[in-house]
1. Please compute the length gained on full extension between residue 117 and residue 199, using 0.36 nm multiplied by the number of residues separating them and subtracting their Cα-Cα distance.
2. If I take every Cα pair under 8 Å that is 6 or more residues apart in the chain, average their sequence separation and divide by the length, what percent do I get for the relative contact order?
3. Debye calculation, C-alpha points only, no solvent: report log10 I(q)/I(0) for segment 325-440 at q = 0.11, 0.19, 0.21 Å⁻¹, in the same order as the q values.
4. Keeping the other protein chains in place, figure out the carbon and sulfur percent of the accessible area of the chain, with a 1.4 Å probe.
5. So what's the chain giving for Rg/Rh, alpha carbon basis, Kirkwood Rh from the mean inverse pair distance?
6. Give the accessible surface of the chain per residue, rounded to a whole number of Å², with probe radius 1.4 Å and ligands, DNA and RNA excluded.
7. Mind pulling the angle between the C-alpha long axis of helix 35-57 and the longest principal axis of the chain? Nearest 10 degrees, somewhere in 0 to 90.
8. What nm value, rounded to one decimal, do you get for the distance between residue 30 and residue 413 when each label is placed 7 Å out toward the C-beta?
Amino acid sequence: MENKSVESRDEAGTAEAARKADAETAYEAVIEANLPRNYAANLAHGLLGQTGFRLINAPTFIPAYIFLLSGSEFVVGLALAAQWMGAAISATFGATLIEHRKRVLPVGFVIGAGMRLGVLGLALSGFFLPPHWALITAIAMLCLFGLFNGMQAVIFNTLMAKVIPLRLRGRLTGFRNFSAGLTAAGVSYLGGKYFVGENMLGNGYATTFLLGFVLTATGLMMLLIVKEPIPPSIRPRAKLGQRLRQIPAMLAEDRSLGFYYVAAALAALATMAVPFYIIYAGQRIGLSGTTLGILSTAFLIAQTTTNLAWGTVADRFGNRLVFMMAIGIWAVSIFALMQVGTIWTVAAVFAGLGAGQGGFMNSNMNIIVEFGAREDLPMRIAVLNTCTSVMMAMGPLCGGLIAHGVSFEALFWLAITVLAGSAATMFFLVDEPRKRRTQL
């Protein structure tokens, strides 16, 4: 009797394993069948959306605008800290919003719209409010932008992981960033030379931000053509507190993942210097609309053209190598910034900064997909976003205090040291997760 019971359990287990294998095969078939339209939609979404968001996230327009309104390095740091603190607060909540859902795109539309409203508010406050209130509103809108950005990053990266196979993801993100970067570079030059330089519509910065809103809103609409597959298994719905208590166990199961979070957090902390590149350069070579346009264009073109190379390297050798190479270029470029003093040498340094930071961002989000099971992906992304966003919130505040109270050079050397720590952590303590898949 006992032997029959064991046999029955074995047969049931075999049948369940076969059912899961069939469901997984069917899921992969749906992904492949809809790959052309989903690839095109993600490419169009990235082209338009990232073009707009790069105007906001580039280390030029926002820092220069906040410094124009406030005249204070500390307030520049405070404004950027507000943006990233919003992202830090919301990332884990974004994971709990979607990990129990068969489809995540409907939630993505709501969160994406909220993020774009922050950009619109930033533009409208520049047009219609006096400088003091425009500054306060800008800080509030950056916080709102970051709040929704923290959730959007989890949702849309989860969506991409569902519809784009791993073998194509690096090239897609590379080409998407390439095309978006070219467009953003052109828009940045236009924004700097003509919008800001000629104070278009009475406020060139606000005009630039308004264009960013139009581009990102159009990009969001491109996702209407996405056909999202239903995964064969999803997590049961859980409360935020319950999922937070499960994070230590997730990290204990994979020490390499935990050290990856440390490496990413250290690199994110190095962004303490990012808002002050343009202010430092402006003190050395002057800051006009044309200068702003040239440096923004150099940053974005380099970020753009190297993304194709980063994507190719990632697909062939893994994102771990891309991460370390990008961190090295970023650190060398910060050092070079302290040595140059003409518009074209500074532009070359900004190109290096764009290449390094672009590689970091590209590899940072792609590598996290390769750790662990699909069901845990939203939470892995959320923990990564929380770690990096907290550092990006602390960094500008610390950077503002150091730049104002000590010197820009002291700030830049600290950023270089932190980047070195990130690269060392990645090299010695984090393995290439893609090799695990090869060995299985």
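The values are calculated or read from the model by the stated rules, or taken from the named source; none is laboratory data. Just so you know, these numbers come straight off a predicted model, no measurement behind them. Here Cβ is always computed from backbone atoms with ideal geometry, including for glycine, and neighbour counts include all displayed protein chains. Quick note on the areas: whole protein, heavy atoms, side chains included, nothing else; ligands and nucleic acids left out. Shrake-Rupley method; radii C 1.70, N 1.55, O 1.52, S 1.80 Å.
1. This chain segment gains 27.2 nm when fully extended.
2. 27
3. The computed values of log10 I(q)/I(0) come out as -0.47, -1.14, -1.29.
4. 68
5. My calculation puts Rg/Rh at 1.00.
6. Here the per-residue accessible area is 41 Å².
7. 30
8. Result: 5.8 nm between the two label points.
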